[in-house]
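See structure below.
The values are calculated or read from the model by the stated rules, or taken from the named source; none is laboratory data. Only a predicted model underlies this, so the values are computations on that prediction, with no experimental measurement involved. Glycine also receives a Cβ, built like all others from the backbone with ideal geometry; neighbour counts cover every protein chain displayed.
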Amino acid sequence: MTQHLLIGLVSLAAAFVLFFVGLPNRQGESPRFLQFRTAPMLYPAAVLVFLAIGLAELISWAVS
């Protein structure tokens, strides 16, 4: 049971860290790692996957 909570919190933390790392700076420039060819397509998907896993684990923990 606590495993669901732990995985959920770690996944949500990873999603929020990835979200804030990917924000543009004050001049509107994307971070360097997001300027590659496929990064703008893969990065949002990775953030959403961690967010979905975290929310699913927290819901699973709350229900059980």
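Restricting the first member to region 35-64 and to residues that are farther than 19 Å from Leu9 by Cα, and the second to residues that are hydrophobic (A, V, I, L, M, F, W, C) and surrounded by 14 or more Cβ atoms within 10 Å (Cβ to Cβ), the beta-carbon pairs closer than 7 Å and six or more apart or on different chains are Pro40/Leu34; Tyr43/Leu34. The set of residues from region 9-34 being under 15 Å from Ala46 (Cα atoms), modelled with pLDDT under 95 and of a type outside the set (A, V, I, L, M, F, W, C) comprises just one member, Gly22. Every condition in (1) touching a His at 6+ places or on another chain (Cβ under 9 Å); (2) surrounded by fewer than 14 Cβ atoms within 10 Å (Cβ to Cβ); (3) hydrophobic (A, V, I, L, M, F, W, C) is met by Trp61 except one, and the failing one is (2).
Taken over region 28-54, the criterion of being over 28 Å from Ser64 (Cβ atoms), in a helix (DSSP H, G or I) and of a type in the set (Phe, Trp, Tyr) is satisfied by Phe33, Tyr43. The set of residues in region 6-27 that are in a loop (DSSP other than H, G, I, E, B) and surrounded by fewer than 17 Cβ atoms within 10 Å (Cβ to Cβ) comprises Leu23, Pro24, Asn25, Arg26, Gln27.
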